[in-house]
1. How big is the equivalent ellipsoid of region 162-250 along its three axes, where each semi-axis is √(5λ) from the Cα gyration tensor, reported in whole Å from largest to smallest?
2. Carbon-plus-sulfur fraction of the accessible area of region 162-250, 1.4 Å probe, in percent?
3. What is the sum of charges around Val231, taking Lys and Arg as +1, Asp and Glu as -1, for the other residues whose C-beta is under 12 Å from the C-beta of Val231?
4. Calculate the FRET efficiency for Val47 and Trp129 from the Cβ-Cβ distance with a Förster distance of 22 Å, rounded to the nearest 0.05.
5. Using DSSP loop states and a limit of at most 16 other Cβ atoms within 10 Å to flag chymotrypsin sites (Phe, Trp or Tyr not before Pro), what is the longest stretch of the chain containing no flagged site?
6. How would region 254-325 be classified by its alpha-carbon gyration tensor: rounded, prolate or oblate, with rounded meaning a/c under 1.5 and the a/b versus b/c comparison settling the rest?
7. Over the alpha-carbon set of the chain, work out the extent along each principal axis and list the three values in angstrom, largest first.
8. Can you pull the one-decimal nm distance between simple spin-label points at Arg213 and Phe327, each 7 Å off the Cα toward Cβ?
Amino acid sequence: MTKPNLILLAFDASPILTLMERTLNAANFDVALAGDQAGLNKSLQEVIPALVILGRKFAGGDGLAISKEVLERFPTLPIILYAETDDPELARQALRMGLSDYLSPPLKVDDISNSVNRSLARARQLGDWVRREVKRTTSSLAEKAKMSESERTKLEAIINNIQDGVIVLDDQRKILLVNRSIRAIFNLGAQTLIGKSLDQIIANADVLALLARSSENPLKYHEINFDDGKVYNAQYTPIPKVGAAITMQDISYLKELDRLKNDFVHTVSHDLRSPLTAILGYTELIGRTGPLNENQLEFLHRLQGSVQHITVLINDLLDLGRLEAGFDTRREMVHLDTVLKSTLDMVELQARKKKIKITTKVDPGLKPLRANPVRIRQMLDNLVSNAVKYTQDEGTVKVSLLMRDGQIVLQVEDDGPGIPPEEQSRVFDKFYRATNMADNESVEGSGLGLAIVKSIVESHQGRVWVESTLGSGSTFFAILPTEEEN
Ligand code: ADP
């Protein structure tokens with residue numbers, strides 16, 4: 001507690017002490033006396049005086065050193081040093097140390113009161129300045145805090161009102177923020193979520209798969225399916241120094257459109273099959289109705305080729321429709337190495353024509369797969385025949401079947417033209433044909449083969465992707481989990 005009218009005298013008993021006491025009393029100050037250093041410290045602990053006058057020599061101690069200690073504890077306390085003999089060097093030293101004034105004999109009453117009043121006035125000014133500065137800094141800090149608080153509220157309002165779901169996680173995968181859409185999507189109500197880990201709150205298997213995948217190879221599109229048929233597309237984006245954000249958009253209407261389109265394609269393909277069979281049948285009969293000239297025979301031949309081409313396309317479309325509708329439920333133990341042999345027999349002629357060398361590598365511990373043998377054959381046929389089809393003459397194709405962590409890893413590698421990076425994820429789309437071949441037109445195809453491969457692999461709970469460098473070749477990977485792994 002500060003006492004504004006109290007002056008503390010730290011002096012050895014002497015006539016000058018009496019003079020000072022009297023002068024200060026007359027000027028209406030309260031005066032307290034400290035007999036020794038312990039007394040001085042005790043007084044300062046109990047109340048802080050408005051000013052201290054200290055003897056150069058006090059209770060056997062050095063007044064200057066004592067002043068230094070007091071100033072360290074109370075930097076704004078005015079201290080006047082009194083020396084029995086005038087010493088200009090001491091005066092300079094005292095003032096440099098931050099003492100308010102220096103007195104020495106001969107001393108008049110006015111000298112004492114003037115020095116005290118001057119010191120007190122300066123201390124008051126200093127106190128006022130310190131208070132003003134503290135107020136100014138505090139109010140500017142408060143202003144800044146108010147601003148960042150309002151920015152935060154604004155940001156929160158924006159994120160909360162966004163239609164897409166937004167989750168922000170810290171680097172420990174603990175929730176930092178979720179918006180209203182996320183609460184609605186996952187039926188989370190008003191429970192507190194901040195600080196909890198995401199997998200503790202959300203049990204959806206697709207979300208957990210997204211989290212598991214995120215660290216190694218985050219996908220641009222990740223579908224999150226719900227039991228009520230809703231489908232969301234989710235993205236996982238790492239945010240430096242924060243953690244990550246997951247955003248989710250409702251794509252149920254796109255899925256529904258896709259389903260309608262597939263149904264349409266399936267129905268049309270189905271209806272086209274019968275007339276095509278009839279056309280093919282009749283083209284075969286024409287030859288038996290009488291002799292045909294050379295031109296007629298060639299046209300007939302071309303007609304049959306085109307009809308067969310359309311039939312293959314339609315069969316592919318029907319296949320895809322069946323796979324996508326989930327009708328592929330046939331499962332038996334399939335040995336992939338045996339299936340691979342049949343595939344190699346099928347492509348042998350074409351490979352020989354193009355002088356392409358095909359090598360195989362099969363893990364001796366390869367496990368059988370519970371799968372549909374017809375579909376697995378179709379998958380291998382498509383991948384291996386693509387490698388042969390797109391690789392230039394005298395190229396090389398390597399096929400390997402390996403076991404990794406209880407999963408079968410199929411790799412079909414070629415040293416063909418490669419696929420441009422931006423097209424690598426699209427080659428699995430229906431009807432997509434990449435721009436990698438200048439004369440792609442000359443290589444026959446419908447753009448359905450890899451879409452069928454993807455559907456087959458996914459219906460066997462696997463994953464398929466391609467790694468490729470333009471100009472040096474492509475490797476298609478398919479990972480198929482075996483029984484044990486499930
Ligand atoms: P298709 O072969 O009938 O065109 P796919 O769906 O099998 O259809 O393949 C889609 C596209 O992917 C092909 O048009 C081709 O551009 C590209 N592609 C597939 N396999 C390879 C490969 N091994 N090397 C280079 N490009 C390939």
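The values are calculated or read from the model by the stated rules, or taken from the named source; none is laboratory data. Remember, it's a predicted structure, so these values are computed and weren't measured experimentally. Positions of Cβ are backbone-derived with ideal geometry, glycine not excepted, and every protein chain shown enters the neighbour counts. Please note that ligands, DNA and RNA were not included when accessible areas were found on the heavy atoms of the full protein model with its side chains. Shrake-Rupley method; radii C 1.70, N 1.55, O 1.52, S 1.80 Å.
1. Each semi-axis is the square root of five times an eigenvalue, giving 18, 16, 12 Å.
2. 52 percent
3. Once all neighbours under 12 Å are counted, the net charge is -4.
4. 0.40
5. 1-220
6. prolate
7. 153, 46, 46
8. Spacing of the two 7 Å Cα→Cβ label points: 2.8 nm.
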